[in-house]
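Taking it in order: structure first as structure tokens, then the write-up.
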Amino acid sequence: AGKYTIGISNTVQGNGWREEMICAMKAQALASGEVAKLNIAHRNTDAAGQLEDIRNLISAKVDAIVVNPADPAGITAGLEEATKAGIVVVAVDQAVTEPSAYIISNNQEQYAYLGAKWLFQQMGGKGEVFYMRGAAGASADSDRDKGFKKALAEFPDVKVAQEVFTGWQQDQAKQQILSFLATGTPINGIWTSGIDNVIVDALVEQQAPMVPVVGADNAGFVGQLNTVKGLVGAAVTNPGSIGGAGVTLALQILDGKKPAQQTVLVEPQLWENATNEGKAKLKSAADPSLSPEWPVSISIPDWTTYTKDQIVACKGPGE
Amino acid sequence: MTDIATMPRPVSFGRRLKRFMADRPLIPLIILLIILVVILQILRPGIVNERWLANTAKFAIPLAILAGCQTMTMLTGGIDLSVGTVATMSAFIMATQIVNQDPTVAFLLAMLPAVLIGLVNGIGVGVFRVHPLIMTLGTSLIGTGFLQVYQRTVIASGAKIPDFLNWLGTGVTYGFPNALLLFVPVAVLIVFMLNRTGFGRLLYAVGDNERAARLSGVRYWQVITALYILSSLLAGITGLLYIGLIKAPSLSLAEPLVLPSVAAAVIGGTSIFGGRGGYMGTIIGALILTVLTTLLTILQMPEGGRRILFGFIVLFVTAAYLRIVEDR
Amino acid sequence: MTTNPLLDATGVAKNYGAVAALRDASLSVLPGEVHALMGANGAGKSTLVKILTGAIKADAGRILIRGKQLDVRSPAAARRAGLLPVYQEPSLIPDLDVLSNLRLTGTPVEPFRAWVRELGIPNLDIRDTARHIPLAILRVLDLARALAVEPDVLLLDEMTAALPANLAEKVLEVVRRQGDAGRSVIFISHRFVEISALCDRATVLRDGSTVGVVDIEPGVEERIVEMMLGTRIEKTRVAARAANEVAVAAGGRPRLSVRNLQLGTKLNDVSFDLANGEVVGVFALEGQGQDELFAALAGSIRPTGGTIDVDGAPVKFSHPSDAIQAGIAYVPGDRTDALAMQRSVRENIALPFSAGLRKWGPIRMRREQVVVSGVIGRLQIDTRAQGEVQRLSGGNQQKVTIARWIAANARTILCFDPTRGIDVGTKQEIYKLLRELAGQGKSVLFYTSEMEEVQRVCDRVIVIFGGRVVDTFSVEEADEPTLMRAAYGLPRGAKADVGILAEVKPASDAEAAS
Amino acid sequence: MSRFFRNQGWVAGLFALLIFLFVITKLIQPGYGSGDFGSLARAVLPYAFAVAAQTVVVIAGGIDLSVAAMMALTSVTAASMMNGASEEYALFVVPFVLAMGLVLGALNGILIVVTRVPDIVVTLAMLFVLQGAALLVLGAPGGAAAEWLKASVIGTVPIPGLPDWADAWVPKALVLLVVCLCIVWIPLRRSRLGLSIYAIGSNELAAFRSGVPVARTRIIAYALSGLFAALGGLSLTISTGIGAPIPGPYLLASVAAVVLGGVALGGGKGGLLGPIIAVFVLRLVRTDLTLLAIDPNVTAIIEGAIMVAVVMFGAFITMRSRPAGATP
Ligand SMILES: Nc1ncnc2c1ncn2[C@@H]1O[C@H](COP(=O)(O)OP(=O)(O)OP(=O)(O)O)[C@@H](O)[C@H]1O
Ligand SMILES: Nc1ncnc2c1ncn2[C@@H]1O[C@H](COP(=O)(O)OP(=O)(O)OP(=O)(O)O)[C@@H](O)[C@H]1O
Ligand SMILES: [Mg+2]
Ligand SMILES: [Mg+2]
């Protein structure tokens, strides 16, 4: 058994990406052999609630806290208190503004930019795009919006036909795409903020003309990219396994191996099925045994050491 | 002097119309629905076509069934906030159990938590007199917790949507969504139950005056327990229908339907204080909400503006309906 | 007339949808007068009071107060104009204690306490929450609260209906003195004794219109009844109970046999029998345990001791449905306890049909319709507003509570003050009905707050005092002084030396005359 | 004495439960000290204001579904106004935001009174409207809070004459909470207005007939609710230093705490102390679950079960305290 207690704070429960992140944290803690106990605060709440959780973790005297911040700036006070109490703080998935914290994050702006740029190229640099965002008012959503707008600026002939917020809810997204299809407005591409497989479903169901679709590397969507006839699309990686990487980083720091910089960005990749090379990547990435909401990139080279069985088992040390 | 009061005054056409509508509260509700559809058609000419109608029905049906659960519980002065969780649980269990179970077994397993949660709700509310809001909120938290725990045991085995549910959820036959095959009997049953069966009568009576019902020999806990089990069962079935429609088993699948289901029942004229209301109004309420959602989706405006508009339209529709219906 | 009226309302009309509650009501009250407002159930008395006091808005009409036209828009405005009502339903806030209720209405506390004592409640704790206070006391508190602000016009809507004899007596005394002190009182009651003892004049309403104003003098009751009932009079004339009408042969074991019933401190030792075909009266002052007795027999509360036998077999009721199973139905005194107010008359009457688990299935609508309209006809329920029971007048609501059990064909009916707030005509109907039921071999236990009713319906009467049956009389023995004496716990044969008894006059109202 | 227990027994019981939980906490984590108590007080702050907001309207016989959205709107408004502004400017921002809460709350009340639509629908509609408005103010979390405001909930209040160790147990956040609530509540509770709020919740008809201006009282109750919600929104901005347009989990939490605190959802009964203690209980349970490192999926089950169990227990003792059953 290991020697450290690691605290984890996460503020979204019940979505596949976050569940994978938690499982990655558990699996990595187990695989590292250095962690005696995980102390996980995992519930639906806001920044104030996350502050509460962080302070509770401080009270519980953990050695490190890995946090997926509800907001980059909103939990500064709690992170500062943690650092003062000698606790190592690592933020995953999103950056935080607290300077003492270490950050290992997916680059959300780049995520959107990469996918949007590919999409606009597929559309031949012109036409109408259906822009399906995440949850209005969430910071990850506004970061992605920046990336999307950046790409849009590079393609002056591409227009946003309609912008909707899916709230990252499957049912809302499906209802929205169906409503939109019913209007008969012609579109040339669909960009989604990770609620992707229901969109393809809807296109198939309604026998609507297939247009290029960009989504995330969720197992369901990756499977569709491989199998659905006529579907051209791209999955942009946004690994939930970043959580495991966060645990690794925290352990490195605890062991005295501080990284060179405070911030490590995991750059997204894009897998498309328009080229043979891309198809091959998608084939190898596909994993039909995973829950369709889980990202298929279940590990991050150099950062995670667990096996697929371990993350799927979703067991931490002592469980 | 006295003549003014005693003479039978000629009743104006407006008043007659108003009284006509007041006696048939469904008519103004339907008119409000039609107005919304017309607005939609004006904003996006051509949108109201066969396919749109089918899609609207598809999404309105699960909402309407859940709103049926709310209608029935609200008649007794209660509310069932656990329907979202129950529907999600049934859907998720179905999708994960079908992978290596017989469909019948999977179905029974999927309905098991529904029955259990309904039973616990019923006993809590009916026997221990816990406020329904707290009781169902509590069981929905507990249910969510169990679902999370369960979810971890099936990560490796994946999920599948049974073809039948797929057909039921998304299929269309001669322009009619297949979901109607489930919904029409359910709706007829609920309406019949509320109006023409002893149990339905008791729901109204218990919600109106529990002491009076008791003195008439009604055992409150029996009615309430049966009610919450029924509500949960309906929610479970809705979950199966919904997973056939959405085809993505998530741990929060039906949660977004909970508040709208309450809203649909209230817009449809059911009183949250009990004793008053009916299911036909609720169905139209669900349709109104679904059309409204479409309307807002296709509107080009900032999300904040959309929500503000949504709020005001809901308020306006309900207020207009009340104005028309109440004859004071 | 020499003096100007204090309050003068003319041409008041009020419609509820298709129902005309008031068509053309007028009412003129002189200073210092106790003015009766009379009318059959549903005539519009309560509606008129509500309009006069701003609780609802009239559709038409003119209201003058001290000769000035005032627009009384709310109860608060009426209060400022010197009009203070005691409505037919208690209006203390249930969840506030009495003191807070006083503060809410800005009522001075000391005068209130004085009035409460005066009205015969010596030991009121004003920190008690209104919800926990019995109905009769609440009515008195309502009155005391009104009296405490010394209104110019006091409007009392069936103030005495829910009161036991001793409290009613005090109320009448106080009201009479109001008149003497130069204040006006509008007094609504269905009891002619009270009207004749108290009032100077009476305005009579029928079907929402004022049909006459009469001075109260001996013998005027006949005329009032005529005006009140109009065409209904003929039916009412059918005499109540022929003196020789006796119970059908009460052979065999008693229908209901109660032995040594105990319930906490409320019931100490109650034993009596109720035979098939018999109407047994229960007479008691307020709070002697009669509520608990009825509730225990109805299965509403569990007795702590004693036995109840039905048809010779011991029973233990743990829920009203057990009692109903045994054929015992309970008509509570407070109709808000018995009715689903937002539901229709039909549903309310048919409610017991669906109660049992086995009856949850489809309803045979046609059969139900027949049964329900049968009892509606039999009790002459005014069904103009039958869609919702809450829109019926108080008296008609009361009838629905009884109709339910007639429809369900209950073998034994426990009636707790069933004629509370019922007009003379209907009262007669109910007396007749109860006798008819007895004639069919059914049995009735009948609590009443009006002594003369004992004479009209009962075969025997038991008197309860302090939670014990203190005496049992046959109907022939049960004259009012005897009953009163027993109700005060005085042994039989003692001298009638209690002050209040001296004032009890023999019944001399219209009903007796008919 | 017996009346005290009848009226305050529930609150006393809750308080005992709270003390019990503190003992448990100390046993789980012997190092639990004044600093941790300060954390608890800060965590309680937004919940407590949300619950106060809910309590006022529930006592008045209504329910406010817009509490959390109101907090979000006031929070983003405060945060965006203070963004880049001087420290002194916050002196203006605070009263402005409070006034905004008061006015928007009153708007809730006015809409209920004018449209005669049930409270639950009006506040549900307002939930969307306020959410939309919050999104228009700030499209994503952001803004700032003045330093002195942030400092106002950190640390402890030195009370003259008290030894340092005792001072350490008086966190500023707690003092702020108590002061804010008392300033509004205590004078209200004793006033005729306060009685009127209870009266309309207890029996609206009786209240009207007692001369209570029902409409005005209802509007004031909602305005007060808005004021408390604005305090809650401010406390969010103060503790996080930003404003977030997505409402936090305060709506359901507030309803749950109201019921746990002994306030009847029908209105007319209860006080503010019970719900506030209930909030402390719920937060402390959360702390204990974290200290014990309970599996996060199980915490949902435990929280739900505790909520249900406490209310069930309450119902149970009420039933027991009436051995003779309901009087007729
Ligand atoms: N809210 C209402 N809606 C419809 N009808 C009503 C309403 N309130 C009263 N009515 C009707 O108005 C008529 C007069 O009722 P009101 O209560 O004034 O009678 P009342 O003379 O007081 O009778 P009682 O002696 O039985 O109390 C009745 O027919 C009643 O059904
Ligand atoms: N649904 C109904 N509609 C109308 N009248 C009814 C209904 N149910 C019962 N009754 C009448 O109520 C009275 C007694 O009811 P009760 O339920 O005790 O009958 P029962 O002896 O169980 O008869 P059954 O077996 O027919 O239900 C009978 O006069 C019966 O006609
Ligand atoms: Mg009346
Ligand atoms: Mg009477």
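Return yes when B:Ala179 is surrounded by 20 or more Cβ atoms within 10 Å (Cβ to Cβ), more than 9 Å from chain C (Cβ to nearest Cβ) and not charged (D, E, K, R) and no when it is not.
On the way: surrounded by 20 or more Cβ atoms within 10 Å (Cβ to Cβ): yes; more than 9 Å from chain C (Cβ to nearest Cβ): yes; not charged (D, E, K, R): yes.
Yes: the conditions hold for B:Ala179.
Would you be able to say whether some residue in the range D:163-172 is surrounded by 15 or more Cβ atoms within 10 Å (Cβ to Cβ) and modelled with pLDDT of 90 or more?
yes
Which condition does C:Met365 not pass, out of (1) surrounded by fewer than 20 Cβ atoms within 10 Å (Cβ to Cβ); (2) within 16 Å of ligand 4 (Cβ to nearest atom), if it passes all the others?
For C:Met365, the failing item is (2).
If C:Leu124 satisfies every condition in (1) more than 30 Å from D:Lys269 (Cα to Cα); (2) away from ligand 3 (no atom under 16 Å from the Cβ) but one, which is the exception?
It is condition (1) that C:Leu124 fails.
Go through the range D:240-258 and give me each residue that's small (Gly, Ala, Ser), within 10 Å of chain A (Cβ to nearest Cβ) and touching a Gly at 6+ places or on another chain (Cβ under 9 Å).
D:Gly241, D:Gly243, D:Ala244, D:Gly248, listed by residue number.
List, please: which pairs have Cβ atoms under 7 Å, are six or more places apart or on different chains, and start with a residue in the range C:213-228 that is closer than 16 Å to C:Asp200 by Cβ and in the same structural domain as C:Ser196 (by TED's automatic domain parsing) and end with one that is of a type in the set (Phe, Trp, Tyr) and at pLDDT 80 or above?
C:Glu221/C:Phe192
Could you look through the range C:299-325, keep only residues that are touching a residue at least 40 places away in the same chain (Cβ under 8 Å) and small (Gly, Ala, Ser), and pick out the one that is nearest to C:Gly356 (Cα to Cα)?
First pass over the range C:299-325, keeping only residues touching a residue at least 40 places away in the same chain (Cβ under 8 Å): C:303-312, C:324.
Now drop any that are not small (Gly, Ala, Ser), which leaves C:305-306, C:312.
Working: C:Gly305: 28, C:Gly306: 28, C:Gly312: 25 Å.
Per the criteria, the residue is C:Gly312.
Could you tell me whether C:Ile328 is within 7 Å of another protein chain (Cβ to nearest Cβ), away from ligand 4 (no atom under 16 Å from the Cβ) and farther than 20 Å from C:Gly42 by Cβ? I'd like the intermediate steps shown before the answer.
Working: within 7 Å of another protein chain (Cβ to nearest Cβ): no; away from ligand 4 (no atom under 16 Å from the Cβ): yes; farther than 20 Å from C:Gly42 by Cβ: yes.
The answer is no for C:Ile328.
Anything in the range B:50-67 that is out of contact with any Asp or Glu (no Cβ under 9 Å at 6 or more places or on another chain) and at the interface with chain A (Cβ under 7 Å from one of its Cβ atoms)? List them, or say none.
Passing the criteria: B:Arg51, B:Trp52, B:Asn55.
Scanning the range C:403-431 for residues that are part of a helix (DSSP H, G or I) and within 13 Å of chain B (Cβ to nearest Cβ), which turns out nearest to ligand 3 (Cβ to nearest atom)? Walk me through how you get there before you give the answer.
Taking the range C:403-431 first, the residues part of a helix (DSSP H, G or I) are C:403-407, C:424-431.
Keeping just the survivors that are within 13 Å of chain B (Cβ to nearest Cβ) gives C:403-405, C:407.
Working: C:Ala403: 18, C:Arg404: 21, C:Trp405: 23, C:Ala407: 24 Å.
Selected residue: C:Ala403.
Given the residues C:Ile376, C:Ile406, which is the only one that is within 16 Å of ligand 2 (Cβ to nearest atom), outside the structural domain of C:Leu229 (by TED's automatic domain parsing) and closer than 25 Å to C:Asn15 by Cβ?
On the way: C:Ile406 fails: closer than 25 Å to C:Asn15 by Cβ.
Of C:Ile376, C:Ile406, the one residue that is within 16 Å of ligand 2 (Cβ to nearest atom), outside the structural domain of C:Leu229 (by TED's automatic domain parsing) and closer than 25 Å to C:Asn15 by Cβ is C:Ile376.
Return a yes/no flag: does the range B:317-326 have any residue that is modelled with pLDDT of 90 or more and of a type outside the set (Ser, Thr, Tyr). I'd like the intermediate steps shown before the answer.
Going residue by residue through the range B:317-326, those that are modelled with pLDDT of 90 or more are none.
No - not one qualifying residue is present in the range B:317-326.
Give me the residue from the range C:148-169 that is more than 17 Å from the chain's Cα centre (by Cα) and more than 14 Å from chain D (Cβ to nearest Cβ) and, out of that set, farthest from ligand 3 (Cβ to nearest atom).
Applying the filter and picking the extreme gives C:Glu150.
State all residues of the range A:137-151 that are over 15 Å from A:Val12 (Cβ atoms) and of a type outside the set (S, T, N, Q); if no residue qualifies, say none. I'd like the intermediate steps shown before the answer.
Going residue by residue through the range A:137-151, those that are over 15 Å from A:Val12 (Cβ atoms) are A:142-151.
Scanning the range A:137-151 gives A:Asp143, A:Arg144, A:Asp145, A:Lys146, A:Gly147, A:Phe148, A:Lys149, A:Lys150, A:Ala151.
D:Ala53 - would you say it is among the small types (Gly, Ala, Ser), within 13 Å of the chain's Cα centre (by Cα) and crowded, with 21+ Cβ neighbours inside 10 Å? Quick ask: steps written out before the conclusion?
Details: among the small types (Gly, Ala, Ser): yes; within 13 Å of the chain's Cα centre (by Cα): yes; crowded, with 21+ Cβ neighbours inside 10 Å: yes.
The answer is yes for D:Ala53.
Would you pick out the residues in the range A:43-82 that are more than 7 Å from chain D (Cβ to nearest Cβ) and of a type in the set (Asp, Glu)?
Result: A:Asp63, A:Glu80, A:Glu81.
If you take the residues of the range A:264-304 that are loosely packed, with under 15 Cβ neighbours inside 10 Å and hydroxyl-bearing (Ser, Thr, Tyr), which of them is farthest from the other protein chains (Cβ to nearest Cβ)?
A:Thr275
State all residues of the range D:186-218 that are in contact (Cβ under 8 Å) with a residue 60 or more places away in the chain and at the interface with chain C (Cβ under 7 Å from one of its Cβ atoms); if no residue qualifies, say none.
Within the range D:186-218, the subset in contact (Cβ under 8 Å) with a residue 60 or more places away in the chain is D:189, D:197-204, D:215, D:217-218.
The answer is D:Tyr198, D:Ala199, D:Ser202, D:Asn203.
I need the full set of residues from the range D:155-194 which are outside any helix (DSSP H, G or I), touching a strand residue (DSSP E or B) at 6+ places or on another chain (Cβ under 8 Å) and not polar (S, T, N, Q), in order please. Reasoning before the result, please.
Within the range D:155-194, the subset outside any helix (DSSP H, G or I) is D:155-163, D:168-171, D:191.
Right, trim to touching a strand residue (DSSP E or B) at 6+ places or on another chain (Cβ under 8 Å) and you get D:155-157, D:168-171.
Scanning the range D:155-194 gives D:Gly155, D:Val157, D:Ala168, D:Trp169, D:Val170, D:Pro171.
Are any residues in the range A:135-168 assigned to a loop (DSSP other than H, G, I, E, B) and either within 10 Å of chain D (Cβ to nearest Cβ) or surrounded by 21 or more Cβ atoms within 10 Å (Cβ to Cβ) (or both), and if so, which ones?
Kept after step one, since they are assigned to a loop (DSSP other than H, G, I, E, B), are these residues of the range A:135-168: A:135-138, A:155-157, A:166-168.
Matches in the range A:135-168: A:Ala135, A:Ala136, A:Gly137, A:Ala138, A:Thr166, A:Gly167, A:Trp168.
Given the conditions (1) over 27 Å from B:Gly200 (Cα atoms); (2) more than 16 Å from ligand 4 (Cβ to nearest atom); (3) in contact (Cβ under 8 Å) with a residue 12 or more places away in the chain, report the number of the one that C:Glu450 does not fulfil.
Only one criterion in (1) over 27 Å from B:Gly200 (Cα atoms); (2) more than 16 Å from ligand 4 (Cβ to nearest atom); (3) in contact (Cβ under 8 Å) with a residue 12 or more places away in the chain is unmet by C:Glu450, namely (2).
What residue, among those in the range C:14-40 that are near ligand 1 (Cβ under 10 Å from one of its atoms) and surrounded by fewer than 24 Cβ atoms within 10 Å (Cβ to Cβ), is nearest to the other protein chains (Cβ to nearest Cβ)? Don't jump to the end; show me each part of the working.
Residues of the range C:14-40 near ligand 1 (Cβ under 10 Å from one of its atoms): C:14-22, C:25, C:37-40.
Filter again for surrounded by fewer than 24 Cβ atoms within 10 Å (Cβ to Cβ), leaving C:14-20.
Details: C:Lys14: 9, C:Asn15: 9, C:Tyr16: 8, C:Gly17: 5, C:Ala18: 8, C:Val19: 11, C:Ala20: 9 Å.
The extreme case among them is C:Gly17.
Does the range B:147-164 contain at least one residue that is within 13 Å of another protein chain (Cβ to nearest Cβ), in contact with a helix residue (DSSP H, G or I) (Cβ under 6 Å, 6 or more places away or on another chain) and small (Gly, Ala, Ser)?
Yes; the residues of the range B:147-164 include at least one that is within 13 Å of another protein chain (Cβ to nearest Cβ), in contact with a helix residue (DSSP H, G or I) (Cβ under 6 Å, 6 or more places away or on another chain) and small (Gly, Ala, Ser).
Where in the range D:195-286 are the helices (runs of 4 or more DSSP H), entirely inside, with at least 1 residues that are more than 19 Å from D:Pro46 (Cα to Cα)? Let's see the steps before the verdict.
On the way: elements: D:204-209, D:214-240, D:250-260.
So the answer is D:204-209, D:214-240.
Among all residue pairs at least 6 apart or on different chains, which show Cβ distances below 8 Å where the first residue, located in the range C:146-165, is of a type in the set (Phe, Trp, Tyr) and the second is buried (at least 24 other Cβ atoms within 10 Å of the Cβ) and outside any strand (DSSP E or B)?
none
Just give me the residues in the range C:64-83 being buried (at least 24 other Cβ atoms within 10 Å of the Cβ) and more than 11 Å from every other protein chain (Cβ to nearest Cβ), in sequence order.
Hit for the range C:64-83 is C:Leu83, nothing else.
Being more than 19 Å from A:Pro301 (Cα to Cα) and of a type outside the set (Gly, Ala, Ser) is true for just one of A:Thr185, A:Thr237, A:Thr248. Which residue is that?
Details: A:Thr237 fails: more than 19 Å from A:Pro301 (Cα to Cα); A:Thr248 fails: more than 19 Å from A:Pro301 (Cα to Cα).
So the residue among A:Thr185, A:Thr237, A:Thr248 that is more than 19 Å from A:Pro301 (Cα to Cα) and of a type outside the set (Gly, Ala, Ser) is A:Thr185.
If D:Met307 passes every condition in (1) facing chain B (nearest Cβ under 8 Å); (2) closer than 28 Å to A:Met21 by Cα but one, which one does it miss?
(2)
Give the number of residues within the range A:227-280 that are under 20 Å from A:Asn106 (Cα atoms), free of Cβ contacts under 8 Å to residues at least 60 places away in the same chain and in a helix (DSSP H, G or I).
Here the count works out to 1.
The values are calculated or read from the model by the stated rules, or taken from the named source; none is laboratory data. Given the structure is predicted, the values throughout are model-derived calculations rather than measurements. Using ideal geometry, Cβ is built from the backbone for each residue, glycine included, and neighbour counts are taken over all protein chains shown.
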